[in-house]
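Below you'll find the structure, written out as structure tokens, and then a few comments.
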Amino acid sequence: MAYKISDACISCGACADTCPVGAISQGDTQYNIDAEQCLSCGACAAGCPVGAISEE
């Protein structure tokens, strides 16, 4: 199951830096995870300083 970034995202980019497959990119208002590329490894959730990432 892919991970999802909530509206609590502060657009710091920490999640994108930790994603091993580059499934996270900057969107208009926050970062977004490409569900098809996501490995569900949880690295992004562990690296998010505000806890804005969780499993869908």
Practice problem: Grab the strands (runs of 3 or more DSSP E) fully contained in the chain, keeping just those with 3 or more residues being touching a helix residue (DSSP H, G or I) at 6+ places or on another chain (Cβ under 8 Å) and of a type outside the set (Ser, Thr, Tyr). | Solution: none
Self-check item: Close pairs from segment 13-33: first within 12 Å of TYR3 (Cβ to Cβ) and modelled with pLDDT of 95 or more, partner among the hydroxyl-bearing types (Ser, Thr, Tyr) and surrounded by fewer than 16 Cβ atoms within 10 Å (Cβ to Cβ), Cβ under 8 Å, at least 6 apart
Solution: TYR31/SER11; TYR31/SER25; ASN32/SER25
Quiz prompt | Filtered residues of the chain (kept if of a type in the set (A, V, I, L, M, F, W, C) and surrounded by fewer than 14 Cβ atoms within 10 Å (Cβ to Cβ)) | solution = MET1, ALA8, ILE10, VAL21, ALA35, LEU39, ALA46, VAL50
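How about segment 27-40: which of its residues are within 16 Å of ALA8 (Cα to Cα) and under 10 Å from the mean Cα position of the chain (by Cα)?
Pass one, segment 27-40, residues within 16 Å of ALA8 (Cα to Cα): 27-33.
Passing the criteria: GLN30, TYR31, ASN32, ILE33.
The values are calculated or read from the model by the stated rules, or taken from the named source; none is laboratory data. Nothing here was measured: the structure is a model prediction, and the numbers come from that model. Neighbour counts are summed over all protein chains in view; Cβ atoms, including those assigned to glycine, are modelled from backbone coordinates with ideal geometry.
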